[in-house]
Each structure stands twice: as structure tokens, then as C-alpha cells.
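What follows is a set of notes on a single structure, which appears directly below.
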Amino acid sequence: MSRIGKKPVPLPAGVTANISGQTIEVKGPKGVLSFRATDDVTLTQEDGAISVAPRGLSKRARQQWGMSRSMVENLVTGVTQGFKRELDITGVGYRATMQGNTLKLALGYSHDVSYEQPAGIKITTPSPRNDVIVIEGIDAQQVGQVAAEIREWRGPEPYKGKGIRYRGEFIFRKEGKKK
């Protein structure tokens, strides 16, 4: 039995859900999101909450049960609060600035790296030193994907810790050469 799947997802005030077949559409103050569940689970709405149940006892149905419930919860969280991911930039001369809808990254290459802000995502650089990037949006998967794509340009290296890292990420540091 899935401990996560058993719990119904409550719908806060101002949020409506529409279930048609295996597709659920959630509308809230920040926007509209939808998710198509697999045929292994059933989605039902009752008493201001959405319940997910498996359609059998197969291994795949039990796997999809908890995952589908988590996806529905992410839809509700996205349309009410949204998701946020912060990146820290460490290194001499490494910085990020927003120019219109383009994020300009100076990461030690011979040229600046440009990253176009995708639709539905808001990227800001609030720090006066330009060493923090904040990515916000209503879709958890898209926010994480954008953060991963930006981090990919210069991931943190283990010797000096230079590069782009997630806020709160621990980088295992290695000892350098010995004389």
C-alpha cells in the first residue's frame, strides 16, 4: 500500500479541478495546469479533495499510484504558490545579468553565454553582485529543467568550488596537488 497515494489532495479556496477521463485540469490564481494519468489509476473528486486509487494490484499500478498523487499535488501547489529554484554563482568574474528576456552569463569563457527565458518562467538576478539567479514558475518540471540547463553551462568543480550550484547544495571538495 502506498502511504503517499492513500492521502487525498485537498483543494484550497480559489482552486477548481476538472476531471475528464484520465486528464485532470486544475485552475487557480496563478494559472491553469493539466496532467494525464496512466490507465493504471483512477482519479476522483469528492469533498473538496482529489483522490487517486490503483485499478489493480499489479506492480505497475502500485508504482503509478503514488507518482500520480504527487503529480496532482504539484498541480495544486503550482497554481496556488508556484515553484522557485535559486542558483548561486561562485568564482572570480562569474556573474549573471538579465537583459530583456535574455539571461547573460559570464562564466570564464571567451564569450558571454546567452539563455532565452522560456514562456511561463520568470528569471531574475536580485543580488547587486549578480551572483544569484532566481527561477520561478507554476510548473515544477519546467522550473527544474530550466535550472538544470543553466547549471549545465558551468557546474561546480570539486577543487575550488567555482561554478553554478543550487542554493544549499553541498559540493564535496577535493584536496589539490601536494608538493
Completion exercise
When T102 is run through (1) more than 30 Å from M67 (Cβ to Cβ); (2) touching a Lys or Arg at 6+ places or on another chain (Cβ under 8 Å); (3) β-branched (V, I, T), the failure sits at (2)
Problem - So V143, is it in contact with a strand residue (DSSP E or B) (Cβ under 6 Å, 6 or more places away or on another chain), surrounded by 19 or more Cβ atoms within 10 Å (Cβ to Cβ) and assigned by TED's automatic domain parsing to the domain that holds I19 - result: no
Practice task
Looking only at region 48-59, decide whether some residue is of a type in the set (A, V, I, L, M) and part of a helix (DSSP H, G or I).
Solution key: no
Handout entry: Filter result (touching a residue at least 40 places away in the same chain (Cβ under 8 Å), over 18 Å from Q145 (Cα atoms) and among the hydrophobic types (A, V, I, L, M, F, W, C)) within region 60-75
Key = W65, V72
Problem - Among (1) of a type in the set (A, V, I, L, M, F, W, C); (2) surrounded by fewer than 16 Cβ atoms within 10 Å (Cβ to Cβ); (3) not in a loop (DSSP other than H, G, I, E, B), the one test that I123 misses - result: (2)
Handout entry: Where a residue in region 76-102 is at positive phi and its partner, wherever it lies, is β-branched (V, I, T) and surrounded by 15 or more Cβ atoms within 10 Å (Cβ to Cβ), with Cβ under 8 Å and at least six apart
Key = G82/I138
Handout entry: Failed item, numbered, when R173 is tested on (1) charged (D, E, K, R); (2) surrounded by fewer than 15 Cβ atoms within 10 Å (Cβ to Cβ); (3) assigned by TED's automatic domain parsing to the domain that holds L11
Key = (3)
Problem - Number of positions in region 96-142 that are touching a helix residue (DSSP H, G or I) at 6+ places or on another chain (Cβ under 9 Å), of a type in the set (A, V, I, L, M, F, W, C) and within 15 Å of K84 (Cα to Cα) - result: 6
Fill in the blank from the handout: Restricting region 150-162 to residues that are in contact with a strand residue (DSSP E or B) (Cβ under 8 Å, 6 or more places away or on another chain) and either in a loop (DSSP other than H, G, I, E, B) or not assigned by TED's automatic domain parsing to the domain that holds Y115 (or both), the one modelled with the lowest pLDDT turns out to be G161
Completion exercise
All conditions in (1) surrounded by fewer than 17 Cβ atoms within 10 Å (Cβ to Cβ); (2) touching a strand residue (DSSP E or B) at 6+ places or on another chain (Cβ under 9 Å); (3) of a type in the set (S, T, N, Q) are true of S110 except (2)
Completion exercise
Those residues of region 17-45 which are without any contact (Cβ under 8 Å) to a residue 12 or more places away in the chain and over 22 Å from I121 (Cα atoms) amount to N18, S20, G21
Problem - Residue satisfying condition, being touching a helix residue (DSSP H, G or I) at 6+ places or on another chain (Cβ under 7 Å) and small (G, A, S), within set G48, G66, G82 - result: G66
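The values are calculated or read from the model by the stated rules, or taken from the named source; none is laboratory data. From a predicted model like this one, the values you see are computed outputs, not experimental measurements. Note: ideal-geometry Cβ built from the backbone for every residue, glycine included; neighbour counts use all protein chains shown.
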